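Enquirer: Following this message is one structure expressed as structure tokens.
The values are calculated or read from the model by the stated rules, or taken from the named source; none is laboratory data. A quick note: this is a predicted structure, and the numbers were derived from the prediction, not measured. Glycine also receives a Cβ, built like all others from the backbone with ideal geometry; neighbour counts cover every protein chain displayed.
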Amino acid sequence: MGGKVTCTLGEVKQRADFIIYWGGNPAECHPRHFTKYTIMQKSKFLPRGRKDRTMVLVDIRETKSAKAADIFLQVRPGKDFELITILRALIKDQPVRDEDIAETGLDRAAVEDLVRRMKGAKFGCMFFGMGLSMTRGKHMNSAALLTLAAEMNAFTKFVAMPMRGHGNVTGADVIMRWQTGYPFGISFNRGYPRYNPGEFSTVDVLVRGDCDAAFIIGADPGATMPQPAIDHLARIPTIVLDPHITHTSRLARVHITTAPQGISAPGTAYRMDELPMPLSPALKSPYPTDEEVVRRINEAIAKKPFWLPDGGPSPHQWTSQVNL
Amino acid sequence: MIRITGGKIYDPAQGIDGQVRDLCIDDTGKIVETVSGGRIIDATGMVIFPGGVDVHTHVAGGAINFARAMTPEDHRRTQAFIRTKTRRSGLGGMAPTTFATGYLYAGMGFTTVNEAAVPVLSARHTHEELADIPIIDKASLTLMANNEILLEQLEQGEYERAKQVLSWYLWAAKSYGVKAVNPGGVKAWKYGHDAKALDTPIDGYHRLTPGQIVTNLARICDDLGLPHPVHLHCNNLGAPGNITTTLDTLARLEGHRAHIAHSQYHAYGGDGWDTMCSETTVLAEYFNSHPNLTTDAGVVLFGDTVTITADGPWQHLLYKLTGRKWGNLDVENETGCGIVPYTYRPSNVVNAVQWAAGLELLLMIRDPWQVFLSTDHPNGGCFWRYPEIIQMLMSAEFRRECLKKLPDRVKSRIKLPELDREYTLLEIATAMSAGPARALGLTHKGHLGVGADADVVVYEEQVDIQQMFSHPRYVIKAGEVVLEDGDIREAPQGKEFLVRPAMDPATNDFIRPLFEDCYTMKFEHYPVELERIEHPDLRDCQPPATS
Amino acid sequence: MPVTLRLKRPPIVPLEAEFLSPDVLATLSHAEISAMIVHHGKRRLPLSEFFDVEGERSEDLVLHGELHKLRWVGRGMRRGSITVHGTIGMHLGAYMRGGRIDVHGNAGDWIGAEMKDGTIRIRGNAGGQIGAAYRGAMSGMRNGLIMIDGSAGLEVGMRMRRGTIVVGGPTRDFTGLQMKGGTILLRSGAEIRTGAWMQRGTIISLKPLQMMPTFTYSTTTTPGFLPLLSRHLAPHGITLPTGPYQLYRGDRAVPGKGEILVLA
Amino acid sequence: MNLEVIENATCTFCGCVCDDIDLHHDGVRIHKAERACVLGTAWFLNHTAEKKYPVALVDGEEVSLDVAIETAATLLHAADMPLVYGMSNTTCEAQKECVALADLLGGLLDSHTSL
């Protein structure tokens, strides 16, 4: 249980003869994914490029990406988890009834064909998008696909990877992991990092009204989050850093305009496969960068009284019981 | 300026074995003959070592960061470093956070570490993490034994070209040396296979064998005059009977210098898990008769850890054996890595053999300048448990106590019960500092002679060896007192060591088309810019004089 | 006389007070209890900032008020009792090893998470992850009894290894997710994906369930262990019909040997 | 028009993070983003070096950057449970400062991933 079996995108370009996109629409959301990394590339191992590769799209509706697919499987909305679980059973030759397969919107022939092709692949890769990870079941849907990919390695080489959107969200993930041990949903209330999605994740925190100030950078929750969360942001002092005046800026106490990354702010961004890329900004912005503003806020806070009353216990003190 | 008075100095490089002398440190962070003024530290009755040097550890980069994400349950039960006004918070445990890594190493008197496995492709990421490890100095090694562009040159017998390509990669990665993991095996893993025999051509090649990769990499490292020789993780790690592969591999070195990583994992006899036994006697004998080689033990300690290695096929096997979590990350063209949490148990015969084998190597390889302390952190155990190993090395009686916990049926498979050797303090100082510093070619580390970096650790002499080595009285890094009375006082930024081997400028143009063929990023973005390295310290390469 | 706490100033942000456990309070004087440090977000304040304290040195703790922001009450408790009149927040009785907790009101998420033993009863509704494993951990509750009279949220009994959970109202998705042992009794059924990826253990539902496709119907039966379970629950006023039940086995995706019993 | 070209610029609009874009610009505006996709082109062409917005606003009023930074610091420092959120559309260098901020504040830290 648990874990993740993955690779960098160059491995897919070089080796993947079988590619599944699940709950994603790369043709419209990641337009160069096909051409740069996956199905269109020729390589030493797949010299005929597209002809040497099979692409399967699994989604609840026939998006533009279906045109690029060899096989399109239309899963009934909300049945992804069930379908992946069925696949986990079928690869192990466990029986599943026809009518249970039919519930997912697919028939036995289609599902068995998929299993056959998966096992017959030399190097299989599954990409999953927000159609999987943001629908009912959320993290368990992603976990299901990651588990299926891991289990496929009993038969052949298989990997899986999320189709991360939103620019450098991967960078945040990677940095938080090395600095705090956790990828998101972190609390420093007790002076060290603690992790509990659901308890410390933003939507839950805002909906419950658990925080009493908010610092928002590189996101516009005022446009995307449920109304009760937005209402709480309006109630508490909110500070926004953004290149534009956003929905969140309008309900914030403080808005600071900053230079957009990669256009007029230099630095680094991580690709979805966790490779860092240097940025080469073209324009000189009249605004400061995020980095500069946050650093100056940190400097200003450091001048104020420290929040741990006596500097905190010694670093070698073991905390009682467990750190959650 | 600091003068440390009255302490017993253990400085193996200078042959100082516990003599009481003053130690002087100037304002540039170097050991000097004498100072006037400044702080005086009274170390009467205390023991002074050069700062510890870890020759083989995994503390930064994609793999350990993957492990951090996979083990939130461990972060919850481990040591938490609480935020102070000047110091960042962090978590210890199996895969400590970067800040905690610095505090934990410095906290037990280690001041230099070598991150032993970096794919060039994630070198940029690794250096970013290394920059976030405070206090200690760092070096990193680049994974080269499964790199397709390099292997292709070797396949075609283009030795000179291979040497140029390797130099190019080292400089692109801003690396300190060459690491070889399971030569050819990781590459084969990319289609789910492995490379186990040194003379069988690797999957996808007509001629090239793992044995040839070993010979060529060792030769290239020597020819380039890298300060650290090839750092070799042999094929067949962890498998019963792998001693044959290991000895065969060592023979392929053909007299070149080499450092054999975590040799404990490569010293097994038997022909299956049921018959697996320790074969450390033959391996130790090989080291005893080959002074061109160094090794680190890769000791296994009982308890929970997370295993991380570029050896992908081994990790898939371990996942199948444990049924626990499994992470795998294949890196295009270069390498891969697998991550599996694991618990070593004394009741498990295989684990018990592993535990004994690591100690046996440390005890049976006679010259402490050849065998060093390591757990292959976090694979055999976490680095912050080194004091436990020191205690086992210094006390045969303590080892006998530990042996009582093992099942009887393991005793016929190990040599440890027959070994009475006890390390002296001077030998400990050699195995944890002087030896690894010399093997790494870090001339300013691992000794307390005039001109050395003032990385000094002061212990209070105690009967409880583990306590003594876990809680130094003072740790001085580059002349700054960073730890005093068990408290981290300062968390300065350390240096990063790198090399710039000689390279034909035409290599860039040679590699470009090959690169564009197999990678997915721009060629221009691949090399890490020197400006990205915080406090770089370039070391010379000294190629042998051409005769 | 029990230690009694009455909320006088509602917390603005979550309030963490894991020392509110009989093991700790049994040894403390009134003054010491009042001075114990609670964590109001990052702020460290004495308990008396938020509560009126009565009593001292008792293994019985009584809490009054709308305490939905109060977290970690009874963490790791080994003995004694906690009674809450009002609501209570997350992690109530997490890592608990013994004793009894009664809540006359609603409770938050992670009730009895990773508990080893003891009894928890929530008279109102509870949140998700009841008796569950914290993120990344291999096992949820290892023994003990949790009774929720009302409804419960997601992932009830996730990765539980032993022990019993009874839910009176409906539960949400992923009840018994990756369950490894123990028993979950659902008196009003559950939403979807009940028993997903379970390895072992038993889920009993008195209402029809939407089954995962990877469970197979085995037989209709009156299981022999039900009277035992009935006797275990009878002192708490919980009864369950003897059957017959439809028996499903799964989850075949694992493949697992779990059982789901649905009252026929 | 004489345009300057930045070669191999990196596009951060989506998770592909394509690093082979040639940006043709006049110092104020990017006129062409070679090899970028439709989404990337829109991203590059929609940002300019013009000063379209005030540098900073506090309670809707234009203020200097210094005032805004001090106000932000004061509000965050005063909070018992401040939240640091977002970090999708920003650089790693800024993200590191954000982690430092949450650590310094004793607050919550979360990214888009948790949604």
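Enquirer: At least 2 residues that are within 20 Å of C:I260 (Cβ to Cβ) in each: list the strands (runs of 3 or more DSSP E) lying fully within the range C:102-191 that qualify.
Expert: Filter on the range C:102-191 gives C:145-148, C:164-167, C:183-186.
Enquirer: For the range A:178-186, check the following and say yes or no: at least one residue is more than 7 Å from chain D (Cβ to nearest Cβ), in contact (Cβ under 8 Å) with a residue 24 or more places away in the chain, buried (at least 24 other Cβ atoms within 10 Å of the Cβ) and closer than 28 Å to B:W189 by Cα. Spell out the reasoning first.
Expert: We begin by selecting, within the range A:178-186, every residue more than 7 Å from chain D (Cβ to nearest Cβ); these are A:178, A:181-182.
Subset that is in contact (Cβ under 8 Å) with a residue 24 or more places away in the chain: none.
The answer is no, given that none of the residues of the range A:178-186 is more than 7 Å from chain D (Cβ to nearest Cβ), in contact (Cβ under 8 Å) with a residue 24 or more places away in the chain, buried (at least 24 other Cβ atoms within 10 Å of the Cβ) and closer than 28 Å to B:W189 by Cα.
Enquirer: Still on this structure: Applying the selection to the range A:3-39, what residues are in contact with a strand residue (DSSP E or B) (Cβ under 7 Å, 6 or more places away or on another chain) and facing another protein chain (nearest Cβ under 7 Å)?
Expert: Matches in the range A:3-39: A:G3, A:K4, A:V5, A:T6, A:C7, A:T8, A:E11, A:R15.
Enquirer: Separate question: Quick one: which residue in B:T101, B:T71 is touching a Lys or Arg at 6+ places or on another chain (Cβ under 9 Å) and buried (at least 24 other Cβ atoms within 10 Å of the Cβ)? If you could, list the steps in order and put the result at the bottom.
Expert: Numbers: B:T101 fails: touching a Lys or Arg at 6+ places or on another chain (Cβ under 9 Å).
Of B:T101, B:T71, the one residue that is touching a Lys or Arg at 6+ places or on another chain (Cβ under 9 Å) and buried (at least 24 other Cβ atoms within 10 Å of the Cβ) is B:T71.
Enquirer: Quick check: is even one residue across the range C:81-89 under 19 Å from the mean Cα position of the chain (by Cα), farther than 24 Å from C:G153 by Cα and touching a residue at least 40 places away in the same chain (Cβ under 8 Å)?
Expert: Step one: list which residues in the range C:81-89 are under 19 Å from the mean Cα position of the chain (by Cα), which gives C:81-89.
Of the ones still in play, those that are also farther than 24 Å from C:G153 by Cα are C:81.
Filter once more, keeping what is touching a residue at least 40 places away in the same chain (Cβ under 8 Å): C:81.
Within the range C:81-89 (the criterion being under 19 Å from the mean Cα position of the chain (by Cα), farther than 24 Å from C:G153 by Cα and touching a residue at least 40 places away in the same chain (Cβ under 8 Å)), the answer is yes, since at least one residue qualifies.
Enquirer: From the list B:G338, B:G381, exactly one residue is within 14 Å of chain A (Cβ to nearest Cβ) and either touching a helix residue (DSSP H, G or I) at 6+ places or on another chain (Cβ under 9 Å) or modelled with pLDDT under 95 (or both). Which is it?
Expert: From the options B:G338, B:G381, the qualifying one is B:G338.
Enquirer: Further, regarding this structure: Return only the number of the condition from (1) assigned to a loop (DSSP other than H, G, I, E, B); (2) buried (at least 22 other Cβ atoms within 10 Å of the Cβ); (3) in contact (Cβ under 8 Å) with a residue 60 or more places away in the chain that B:H193 does not satisfy.
Expert: For B:H193, the exception is condition (2).
Enquirer: Check off (1) under 26 Å from C:V103 (Cα atoms); (2) within 14 Å of chain A (Cβ to nearest Cβ); (3) without any contact (Cβ under 8 Å) to a residue 12 or more places away in the chain for C:M179 and give me the number that stays unchecked.
Expert: With respect to (1) under 26 Å from C:V103 (Cα atoms); (2) within 14 Å of chain A (Cβ to nearest Cβ); (3) without any contact (Cβ under 8 Å) to a residue 12 or more places away in the chain, C:M179 is out only on (3).
Enquirer: Mind listing whichever residues of the range C:158-176 are among the hydroxyl-bearing types (S, T, Y) and touching a residue at least 60 places away in the same chain (Cβ under 8 Å)?
Expert: Going residue by residue through the range C:158-176, those that are among the hydroxyl-bearing types (S, T, Y) are C:164, C:171, C:175.
Across the range C:158-176, the qualifying residue is only C:T164.
Enquirer: Among strands (runs of 3 or more DSSP E) lying entirely in the range D:18-115, which contain 3 or more residues that are more than 22 Å from A:R235 (Cα to Cα), facing chain A (nearest Cβ under 7 Å) and modelled with pLDDT of 95 or more? Explain how you work it out, then say what you get.
Expert: Working: elements: D:21-25, D:30-34, D:56-58, D:61-63, D:82-86, D:108-111.
So the answer is none; nothing clears 3.
Enquirer: As an exercise: evaluate A:N141 against (1) polar (S, T, N, Q); (2) assigned to a loop (DSSP other than H, G, I, E, B); (3) in contact with a Leu (Cβ under 9 Å, 6 or more places away or on another chain) and give the number of the one condition it does not meet.
Expert: (2)
Enquirer: Out of all the residues in the range A:78-131, which are among the hydrophobic types (A, V, I, L, M, F, W, C), under 14 Å from A:V56 (Cβ atoms) and in a helix (DSSP H, G or I)? Full working, then the answer.
Expert: Restricting attention to the range A:78-131, the residues satisfying the condition of being among the hydrophobic types (A, V, I, L, M, F, W, C) are A:81, A:83-84, A:86-87, A:89-91, A:96, A:101-102, A:106, A:109-111, A:114-115, A:118, A:121, A:123, A:125-128, A:130.
Pick out the ones that are also under 14 Å from A:V56 (Cβ atoms) and you get A:83-84, A:87, A:106, A:110-111, A:114-115, A:118, A:121, A:125-128.
Those that are among the hydrophobic types (A, V, I, L, M, F, W, C), under 14 Å from A:V56 (Cβ atoms) and in a helix (DSSP H, G or I): A:L83, A:I84, A:L87, A:A110, A:V111, A:L114, A:V115, A:M118.
Enquirer: Sticking with this one: Just one of B:K187, B:K174 is within 20 Å of B:A116 (Cα to Cα) and at pLDDT 95 or above; which is it?
Expert: Working: B:K187 fails: at pLDDT 95 or above.
Unique residue meeting the criteria: B:K174.
Enquirer: Something else: Among the residues of the range B:494-534, which ones are within 11 Å of chain A (Cβ to nearest Cβ) and basic (K, R)?
Expert: Listed by number, the residues that qualify are B:K522, B:R532.
Enquirer: Any chance the range C:190-212 includes a residue that's away from chain A (no Cβ under 14 Å), over 25 Å from C:A113 (Cβ atoms) and out of contact with any strand residue (DSSP E or B) (no Cβ under 9 Å at 6 or more places or on another chain)?
Expert: no
Enquirer: Quick one: in the range D:1-17, of everything that is at the interface with chain A (Cβ under 7 Å from one of its Cβ atoms) and not aliphatic (A, V, I, L, M), which residue is surrounded by the fewest Cβ atoms within 10 Å (Cβ to Cβ)?
Expert: Residues of the range D:1-17 at the interface with chain A (Cβ under 7 Å from one of its Cβ atoms): D:6, D:8-17.
Within this subset, residues satisfying the condition of being not aliphatic (A, V, I, L, M) are D:8, D:10-16.
Values: D:N8: 19, D:T10: 23, D:C11: 28, D:T12: 32, D:F13: 22, D:C14: 24, D:G15: 25, D:C16: 27.
Taking the candidates together, the pick is D:N8.
Enquirer: Restricting to the range B:460-485, and then to whatever is over 21 Å from B:F383 (Cβ atoms) and of a type in the set (A, V, I, L, M, F, W, C), can you tell me which residue is modelled with the lowest pLDDT?
Expert: The selected residue is B:V463.
Enquirer: Name the residue, out of B:T57, B:T98, that is under 23 Å from B:A431 (Cβ atoms) and modelled with pLDDT of 95 or more. Full working, then the answer.
Expert: Numbers: B:T98 fails: under 23 Å from B:A431 (Cβ atoms).
On inspection, the qualifying residue turns out to be B:T57.
Enquirer: Residues D:V84, D:V63: which one is touching a Phe, Trp or Tyr at 6+ places or on another chain (Cβ under 6 Å), free of Cβ contacts under 8 Å to residues at least 60 places away in the same chain and hydrophobic (A, V, I, L, M, F, W, C)? Reasoning before the result, please.
Expert: Details: D:V63 fails: touching a Phe, Trp or Tyr at 6+ places or on another chain (Cβ under 6 Å).
None of the others qualify; the one that does is D:V84.
Enquirer: Select from the range B:457-493 the residues that are within 14 Å of chain A (Cβ to nearest Cβ), more than 17 Å from B:G7 (Cα to Cα) and among the charged types (D, E, K, R) and list them in ascending order.
Expert: Once the filter is applied, which keeps residues that are within 14 Å of chain A (Cβ to nearest Cβ), more than 17 Å from B:G7 (Cα to Cα) and among the charged types (D, E, K, R), the range B:457-493 yields B:D487, B:R489, B:E490.
Enquirer: Next question, about the same structure. So how many residues does the range B:280-332 have that are under 19 Å from the mean Cα position of the chain (by Cα), β-branched (V, I, T) and at pLDDT 85 or above?
Expert: Qualifying residue count, the range B:280-332: 8.
Enquirer: Answer yes or no as to whether A:D70 is at pLDDT 95 or above and within 25 Å of A:R136 (Cβ to Cβ).
Expert: Values: at pLDDT 95 or above: yes; within 25 Å of A:R136 (Cβ to Cβ): no.
So A:D70 fails the test.
Enquirer: Also, quick follow-up: Determine, yes or no, whether C:V62 is out of contact with any Lys or Arg (no Cβ under 8 Å at 6 or more places or on another chain), assigned to a strand (DSSP E or B) and buried (at least 18 other Cβ atoms within 10 Å of the Cβ). Spell out the reasoning first.
Expert: Working: out of contact with any Lys or Arg (no Cβ under 8 Å at 6 or more places or on another chain): yes; assigned to a strand (DSSP E or B): yes; buried (at least 18 other Cβ atoms within 10 Å of the Cβ): yes.
Spelling it out, C:V62 is indeed out of contact with any Lys or Arg (no Cβ under 8 Å at 6 or more places or on another chain), assigned to a strand (DSSP E or B) and buried (at least 18 other Cβ atoms within 10 Å of the Cβ).
Enquirer: Something else: Among the numbered criteria (1) farther than 30 Å from A:Y195 by Cα; (2) surrounded by 15 or more Cβ atoms within 10 Å (Cβ to Cβ), which single criterion is violated by D:A79?
Expert: (1)
Enquirer: When the residues of the range B:134-166 are narrowed to those that are free of Cβ contacts under 8 Å to residues at least 12 places away in the same chain and among the acidic types (D, E), which ends up surrounded by the fewest Cβ atoms within 10 Å (Cβ to Cβ)?
Expert: B:E160
Enquirer: What residue, among those in the range A:209-250 that are touching an Asp or Glu at 6+ places or on another chain (Cβ under 9 Å), of a type in the set (V, I, T) and within 10 Å of chain D (Cβ to nearest Cβ), is surrounded by the most Cβ atoms within 10 Å (Cβ to Cβ)?
Expert: A:V240
Enquirer: Can A:R53 be described as in the same structural domain as A:K138 (by TED's automatic domain parsing), crowded, with 18+ Cβ neighbours inside 10 Å and not hydrophobic (A, V, I, L, M, F, W, C)? Spell out the reasoning first.
Expert: Details: in the same structural domain as A:K138 (by TED's automatic domain parsing): yes; crowded, with 18+ Cβ neighbours inside 10 Å: yes; not hydrophobic (A, V, I, L, M, F, W, C): yes.
Judged against the criteria, A:R53 is a match.
Enquirer: Could you list, in sequence order, all residues of the range A:251-269 that are crowded, with 24+ Cβ neighbours inside 10 Å, of a type outside the set (G, A, S) and more than 7 Å from every other protein chain (Cβ to nearest Cβ)?
Expert: A:T258, the sole residue that qualifies.
Enquirer: Still on this structure, please answer the following. Read through the list (1) within 14 Å of chain D (Cβ to nearest Cβ); (2) of a type in the set (S, T, Y); (3) surrounded by fewer than 24 Cβ atoms within 10 Å (Cβ to Cβ), then give the number of the only condition that A:T156 fails.
Expert: (1)
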